[in-house]
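> This is the structure I want to talk about, given as structure tokens.
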Amino acid sequence: MATRSGRSTWDLTALLNAADPRATLAERHLWLVRLMQWLRSAPLEGERQRPTPVLRLKHLLNVLERHPEHRARVGELLALFWREVDIAALFADFGFAPRTHFLAELGQRLHTRLLPHTPETTDLGELFALLFPREADAAWLEAIDDETLARLAALLAPALAQGEDWRTPLLDGIVFLAAAVRASGLSGALRQRMSPELLVDRPFRQLAAVAEHTAELAQAGDSRRLLQQVQYLRALLAACRRAAASVHEHLEEHGVSVGIVFEVDQLRGRCDRIEALLDCLLAERPAHELVRLLATLARAAEQRRGLRALFARHYSLLARKVAERNAETGEHYITRDRAEYRAMLRAACGGGAVIAGTTFVKFAIGALGLAAFWAGFWAGVNYAASFVLIHLCHWTVATKQPAMTAPAMADKLADVSDDAKVEAFVDEAAHLIRSQAAGIFGNLMLAGPLVLLGQLAWQALFGAPLVGEATAGYVLHSLTLLGPTPLYAAFTGVLLFASSLIAGWAENWFVWHKLDSAIAWNPRSIALLGDARAKRWARWWRANISGLTANVSLGLMLGLVPAVAGFFALPVEVRHVTLSTGQLAAALGALGPELLREGAFWWCAAGIALTGVLNLTVSFVLAFKVALRSRGIRLADRSRIYRAWRRRLLTRPLSFVWPPRESAA
């Protein structure tokens, strides 16, 4: 008993002695759980060729064949298990949400992940998670050879002989699944979004009745008619899957709902489960197919405990739609010729002029001495109002560009199969860099000088600058490159990216709920606005909902996030390149031209330069990654893109800063 193999044999002997058909339901099920744990325990000596549980299963069968008393008790226990447990629940319900709703499934997964399970249940779906708690169980189930399966079937035969036909749970599972598919397919949420052409033959209405008839023929033993009925059932399942797939086409056009995507996945998963059960019924070796189905369910058990896969799968389509909305907007921020470049400069100058006023309002709010939250709130309102004004005037803030232009750039990477397409991507990148440079130049050309002019004018009129020396000293201390400015600038890039996500989500929500149509055609809006004005308002909101949401959300985050972080003692601040430039110009106006001879000023200037780089780079990289992943794009041949970049830098370096004479088109 001192050897490893001896210790394992002793554990098995103890288990077999503990097999008691007269025990309670919970005790019998706990015995089965412990038996499965024994199969997965440490390997015996020499067990290296096959998965340990398979070899242990062979060992178990050998012991039962040599000891009839153990075999009799285990057989009686299995017979009770077969009669008392709802086996159809495993096939029909396991792996699917109890309600076809994303939040309900999220709650169920949290329950599965955090709360312990009990073996005191007659639902095999609940017990299955205790019997097969690891995804690795699927591998050893699939590794069971035919001889071992035959011996296992011989062990289970007496238990099955005492109960109903072994096929009954499978047939019940098919009927239950077909009823669930029918209910989902006929629900308004899916039915109204499916292609009408695919619903002409009414596959969902027929499905449940055909499944019932299939079960009746199987139980009657009419094999010829059963095969015909199964073929018809498979054809209906294929039609249901095609109809469910057409929902995604509707979502692409009319907005995305995570709940709808989840319902479609549940429907298609149930169709696949019915196919697997039909394979078990018709297979020449049904035991082999059943074990393969159990392996699939073991993988589903592990997936059902995970939250990351749930979010990744069902938010990927939403992320794609958000990226596409931003890609449409981002095209307006990319200049391709000199006329567009000059237009971008003018728009950026207008944005810089507004930011100059924003800078003075920010200092005024700070001078009021408000509590931290309210100071942050009103600073956020100030930023949001300024950004909205810039948007309505069709001007621009350079830092808004990267998160919007990144999805447009990702579209260009969807196909880089040849050198011409790689060159087209590099062309687009050059247009983007040039546009970003124009945006920053335009913003800074007016923001800084106008703030400085305001300081000097106020001092000439009233004898003192609008922003005093004390505030100027704080500006020099906070904006210097020698402090945490780089970290704050990178964090501001994250907020810029977050505002683009919020904008894309809001526009998707607007389109999904058809609010533009409601504004244009709702009787109340027509009565209030008039027919022509209601339609104009609908078009205006459809065109501006993304921009308004992006600017309001960004402004409020710039003001409130530091205040909320401060409540939790987190030293978080924001550094926006245009706002920082205005603040440094105000400090220069307060302290005079002598400041230009001090190192503190130039350290702040260097900090602002790095702030601009980090604002743009962080927001662009985050948005670019989301856009790539949402489209499923993988850059398999990065070296070709890098070579094209180097070639462009060597042969046409000015293309990154100055536009060509003619349009790239």
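The values are calculated or read from the model by the stated rules, or taken from the named source; none is laboratory data. Small disclaimer: the values here were computed from a predicted structure and weren't measured. Every residue, glycine as well, gets a Cβ built from its backbone with ideal geometry; the counts of neighbours run over all protein chains shown.
> Confirm whether Ala424 is of a type in the set (Gly, Ala, Ser), crowded, with 23+ Cβ neighbours inside 10 Å and at pLDDT 75 or above.
Numbers: of a type in the set (Gly, Ala, Ser): yes; crowded, with 23+ Cβ neighbours inside 10 Å: no; at pLDDT 75 or above: yes.
Taking the combined requirement at face value, the residue does not satisfy it.
> Could you please find all residues in the stretch 506-540 being part of a helix (DSSP H, G or I) and of a type in the set (D, E, K, R)? Let's see the steps before the verdict.
From the stretch 506-540, those part of a helix (DSSP H, G or I) are 506-512, 515-521, 523-529, 531-540; that's our starting set.
Scanning the stretch 506-540 gives Glu507, Asp516, Arg524, Asp531, Arg533, Lys535, Arg536, Arg539.
> Is there a residue being surrounded by 15 or more Cβ atoms within 10 Å (Cβ to Cβ), assigned by TED's automatic domain parsing to the domain that holds Ala364 and under 40 Å from the mean Cα position of the chain (by Cα) anywhere in the stretch 447-461?
Within the stretch 447-461 (the criterion being surrounded by 15 or more Cβ atoms within 10 Å (Cβ to Cβ), assigned by TED's automatic domain parsing to the domain that holds Ala364 and under 40 Å from the mean Cα position of the chain (by Cα)), the answer is yes, since at least one residue qualifies.
> Filter the stretch 213-260 for residues that are hydrophobic (A, V, I, L, M, F, W, C) and touching a residue at least 60 places away in the same chain (Cβ under 8 Å); which is nearest to Asp279 (Cα to Cα)?
Quick first cut of the stretch 213-260, residues hydrophobic (A, V, I, L, M, F, W, C) only: 215, 217-218, 220, 226-227, 230, 233, 235-240, 243-245, 247, 251, 256, 258, 260.
Add one more test, that the residue is touching a residue at least 60 places away in the same chain (Cβ under 8 Å), and what stays is 218, 251, 256, 258, 260.
Values: Ala218: 13, Leu251: 33, Val256: 35, Val258: 32, Ile260: 29 Å.
Across the stretch 213-260, the extreme among qualifying residues is Ala218.
> Let me ask you something else. Scan the stretch 127-153 for residues that are more than 18 Å from Glu289 (Cβ to Cβ) and modelled with pLDDT of 85 or more and jot them down. Walk me through it before giving the result.
Our first condition is that a residue be more than 18 Å from Glu289 (Cβ to Cβ); within the stretch 127-153, this holds for 127, 129-131, 133-136.
Correct list: Leu127, Leu130, Leu131.
> Can you report the number of residues in the stretch 459-468 which are touching a helix residue (DSSP H, G or I) at 6+ places or on another chain (Cβ under 9 Å) and either of a type in the set (Lys, Arg) or more than 14 Å from Ala364 (Cα to Cα) (or both)? So that I can check it myself, show each step before the final result.
To start, the set of residues in the stretch 459-468 that are touching a helix residue (DSSP H, G or I) at 6+ places or on another chain (Cβ under 9 Å) comprises 459, 464-468.
Next, only the ones that are either of a type in the set (Lys, Arg) or more than 14 Å from Ala364 (Cα to Cα) (or both) stay: 459, 464.
Number of matching residues: 2.
> Oh, and also: His332 passes all but one of (1) modelled with pLDDT of 80 or more; (2) surrounded by 16 or more Cβ atoms within 10 Å (Cβ to Cβ); which number fails?
(1)
> Same structure again: From (1) crowded, with 20+ Cβ neighbours inside 10 Å; (2) modelled with pLDDT under 85; (3) not in a loop (DSSP other than H, G, I, E, B), pick out the condition that doesn't hold for Ala88.
Among (1) crowded, with 20+ Cβ neighbours inside 10 Å; (2) modelled with pLDDT under 85; (3) not in a loop (DSSP other than H, G, I, E, B), Ala88 violates only (2).
> Please determine whether any residue of the stretch 146-155 is part of a loop (DSSP other than H, G, I, E, B) and crowded, with 16+ Cβ neighbours inside 10 Å.
The initial filter retains those residues of the stretch 146-155 that are part of a loop (DSSP other than H, G, I, E, B), namely none.
No, every residue in the stretch 146-155 fails to be part of a loop (DSSP other than H, G, I, E, B) and crowded, with 16+ Cβ neighbours inside 10 Å.
> Among (1) farther than 27 Å from Leu450 by Cβ; (2) of a type in the set (A, V, I, L, M); (3) not in a helix (DSSP H, G or I), where does Val574 come up short?
(1)
> Another question, then. Taking Arg313 as the residue in question, decide whether it is buried (at least 16 other Cβ atoms within 10 Å of the Cβ) and modelled with pLDDT under 70.
Numbers: buried (at least 16 other Cβ atoms within 10 Å of the Cβ): no; modelled with pLDDT under 70: yes.
When the stated conditions are applied, Arg313 does not pass them.
> Something else about it: Tell me the helices (runs of 4 or more DSSP H) entirely within the stretch 177-274 that contain at least 3 residues that are surrounded by 19 or more Cβ atoms within 10 Å (Cβ to Cβ) and hydrophobic (A, V, I, L, M, F, W, C).
203-220, 223-254
> Additional query: Would you be able to say whether some residue in the stretch 204-212 is in contact (Cβ under 8 Å) with a residue 60 or more places away in the chain, under 40 Å from the mean Cα position of the chain (by Cα), assigned by TED's automatic domain parsing to the domain that holds Asp279 and under 19 Å from Arg268 (Cβ atoms)? Before the answer, list the steps.
Taking the stretch 204-212 as the starting set, the residues that turn out to be in contact (Cβ under 8 Å) with a residue 60 or more places away in the chain are 211.
Next, only the ones that are under 40 Å from the mean Cα position of the chain (by Cα) stay: 211.
Right, trim to assigned by TED's automatic domain parsing to the domain that holds Asp279 and you get 211.
Applying the additional criterion that residues be under 19 Å from Arg268 (Cβ atoms) yields 211.
Yes: one or more hits.
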